[in-house]
1. Using Cα positions and a limit of under 19 Å, work out the lysines in reach of Lys25, with same-chain residues fewer than 8 apart set aside.
2. Using 7 Å Cα-to-Cβ label points, what is the Gln363/Ser410 separation (nm, one decimal)?
3. I need the Debye-formula profile for segment 113-177: one equal scatterer per C-alpha, no solvent, reported as log10 I(q)/I(0) at q = 0.16, 0.26 1/Å, two decimals.
4. For the residue pair Val102 and Gln31, what label-to-label distance in nm results when each label sits 7 Å from Cα along the Cα-to-beta-carbon direction?
5. Applying 1/(1 + (r/R0)^6) with R0 = 45 Å to the Cβ-Cβ distance of Ser342 and Lys129, what FRET efficiency is obtained, to the nearest 0.05?
6. Taking amide H positions as placed 1.01 Å from N in the peptide plane, with prolines and chain starts having none, which residues 5 or more places from Val301, or on another chain, fall under 5 Å of its amide H?
7. In segment 112-134, whose amide N lies under 15 Å from the spot 7 Å out along Cα-to-Cβ of Asp234? List them in ranges.
8. Can you pick out the pairs among Lys140/Lys243; Lys238/Lys406; Lys140/Lys376; Lys140/Lys233 whose Cα atoms lie more than 29 Å from each other?
Amino acid sequence: MSLAEGRDDVFQVVWNLTSGHHEYKFCVDGQWRYDENQPFAEGACGLVNTIIIAREPDMINSTSSSPTPGRSNMDVDYDIITPAVSLSHGTLQEAIPMISSVDLEVSRHRVANFLSTHTAYELLPDSGKIITLDINLPVKQAFDILHEQGLSVAPLWDFCKSQFVGVLSASDFILILKELGNHGSNLTEEQLEKHTIAAWKEGKLHLTRTMDGNGGSFPRRQLIHAGPYDCMKDVALKILQNKVATVPIIHSSRDGSFPQLLHLASLSGILKCIYRFFRHSLSSLPILQQPICSIPLGTWVPQIGESKPFAMLRPNASLSAALTLLVQAGVSSIPIVDDNGSLLDMYSRSDITALAKDKAYAQIRLDEMTIHQALKLGQDANSPYDFNGQRFQMCLRSDTLNEVMKRLTSPGVRRLVIVEAGSNRVEGIISLTDVFNFLLG
């Protein structure tokens, strides 16, 4: 166990999982502590709290003899594309066999059966770290933490209520920056430095009513969560139906006291389980061998498929335009293309946290900074990406669904951009949400 690098004020829970035996400690004011009111024992890291979560009987259907599904980190996206740019290029030159309705229904049934007979407990990693933010933490400090830890979302803990009450995400930072840039905004830079997360969440309710044009009552959204014994299908449906990035997996005692946050479940982790279970028996899922251009999957430019229109931006477009599109159109990522429509980069919601570095948000104007400049600002010595195109993953329309699923299970991959071979002209996008909407019918 160790502190978050470079910080002594980050609330962390570190789990050591061994056959249902969970050990954890809390980092409070820079010191590791345990709760004397909860079960504890002597462990490798001194006195630690313990929880025993016994697995339920194995309900795995014998459709495959593959190993137990794997586990993964969180990733999820909602690529709801709105009209913006239309591209012109060639059409398919060869006939693509369409999947039969029988094969489609058989495949969907087997995927649904797998997800219904496997629990969220199987999504938990063998070991890991979960960073939780106190709702009384200043907003500016909270986004510093998200940037330093490479996170786009973190659960919120209310010590007064002794429960998890929500999440703070990159979308919150986008709304805050847009408020800072609005003339006559009630939110000032000083408020961003001093205002707590709880205060921002209250202000967000008013902001949402204003954006919706409804000044009346607006219901407070409850935290969407699941238990370790909930089936994976229910977890996936909660993510899809509520349009959230993650669903916290929370274990609570029978009376609901002292909830334990075990994991942040995502579509990426669930997809990895599906892929590992069926990868050695591809014939049991006929749809896996179908080219993606032959099935109703993803969002395509009008000339290629029959889906909704598609949105892209040039690198010299303003950051303000990108943020407006991300918020108003419900888009999680925007392809950045050249004058020929060839892919140069992607701008995603999570990229906005880079503006928290060195207080950059206070030194720029959103309508003057270009997307190219914003992306360069996010690059540093610790960045896992280069600015020359390694920030995104591509695929071809001839790739099979199996190949697409395999790439989407890679760490950090949230979407695939469909490009034309040779020219890299954008033809569409396939996100994790698209894959699950298709698989679950």
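Throughout, read-outs are computed from the coordinates displayed, never taken from laboratory work. Bear in mind the structure is a predicted one, so any value in this text is a computation, not a measurement. Here Cβ is always computed from backbone atoms with ideal geometry, including for glycine, and neighbour counts include all displayed protein chains.
1. Within the straight-line limit of under 19 Å, Lys25 reaches these lysines: Lys129.
2. Output for this residue pair reads 3.3 nm.
3. -0.67, -1.12
4. Going by the 7 Å Cα→Cβ label model, 7.1 nm.
5. Working: r = 39 Å, r/R0 = 0.86.
With R0 = 45 Å, the Cβ-Cβ based efficiency is 0.70.
6. Long-range HN contacts for Val301: Gly428.
7. 115-123
8. Numbers: Lys140/Lys243 25 Å; Lys238/Lys406 23 Å; Lys140/Lys376 21 Å; Lys140/Lys233 36 Å.
From Lys140/Lys243; Lys238/Lys406; Lys140/Lys376; Lys140/Lys233, over 29 Å: Lys140/Lys233.
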